[in-house]
Amino acid sequence: MSRLSARATIAFPKGIVQPKHTTRTTIVFLRDPGVKAYVLRRAGGICEACDFPAPFKTALGGDFLEVHHLKPLAEGGSDRAQNAVALCPNCHRAMHHASDAGQRTERLYAKIGSVLIPE
């Protein structure tokens, strides 16, 4: 929790009428679309972490789940089905931001470890 949001009271912010902007350079990994398709099909519309159905259908009628790499690509993880799971948006955010993200990863390995290979 940030110091600002931890305060007992927060004054109504003025905001910024014309926010400034900046340019950012990012690295984009070229991924195998077959891996995404395989992982989503493997999940069958069910989040592989919480076991709840996908929260909605996409515009094309598919189940909306996000593919998450257990060892991130930016940390040298592979773009292979053995390193990827299909997650609902809440579980996906938790894998990146929750205080127990490491334990969540371990639970996924224990739960579906027969198809995952730790990297």
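The values are calculated or read from the model by the stated rules, or taken from the named source; none is laboratory data. Being a predicted model, the structure only gives us computed values, none of them experimental. Note that we place each Cβ from the backbone using ideal geometry, even for glycine, and neighbour counts take in every protein chain shown. We work out accessible area using only protein heavy atoms, side chains counted, and drop any ligands, DNA or RNA first. Shrake-Rupley method; radii C 1.70, N 1.55, O 1.52, S 1.80 Å.
Points to keep in mind about this one:
- Selection within the stretch 77-105 - assigned to a loop (DSSP other than H, G, I, E, B) and among the hydrophobic types (A, V, I, L, M, F, W, C): Cys88, Ala98
- Residue in the stretch 27-38 that is exposed (fewer than 14 other Cβ atoms within 10 Å of the Cβ) and at positive phi present: no
- Residue count, the stretch 20-50 (criterion: within 10 Å of Cys88 (Cβ to Cβ) and acidic (Asp, Glu)): 1
- Within the stretch 83-119, tally of residues that are among the hydroxyl-bearing types (Ser, Thr, Tyr) and touching a Leu at 6+ places or on another chain (Cβ under 8 Å): 2
- Conditions (1) farther than 22 Å from Tyr109 by Cβ; (2) under 17 Å from the mean Cα position of the chain (by Cα); (3) among the hydrophobic types (A, V, I, L, M, F, W, C): number failed by Leu87: (1)
- The stretch 8-61 - residue that is touching a helix residue (DSSP H, G or I) at 6+ places or on another chain (Cβ under 6 Å) and outside any loop (DSSP other than H, G, I, E, B) and, of those, nearest to Val115 (Cα to Cα): Val39
- Residue within the stretch 106-119 that is open to solvent by 50 Å² or more (accessible area, probe 1.4 Å), outside any helix (DSSP H, G or I) and within 20 Å of Leu30 (Cα to Cα) present: yes
- Complete set of residues in the stretch 72-91 that are out of contact with any Phe, Trp or Tyr (no Cβ under 9 Å at 6 or more places or on another chain), open to solvent by less than 20 Å² (accessible area, probe 1.4 Å) and not polar (S, T, N, Q): Gly77, Val85, Ala86, Leu87
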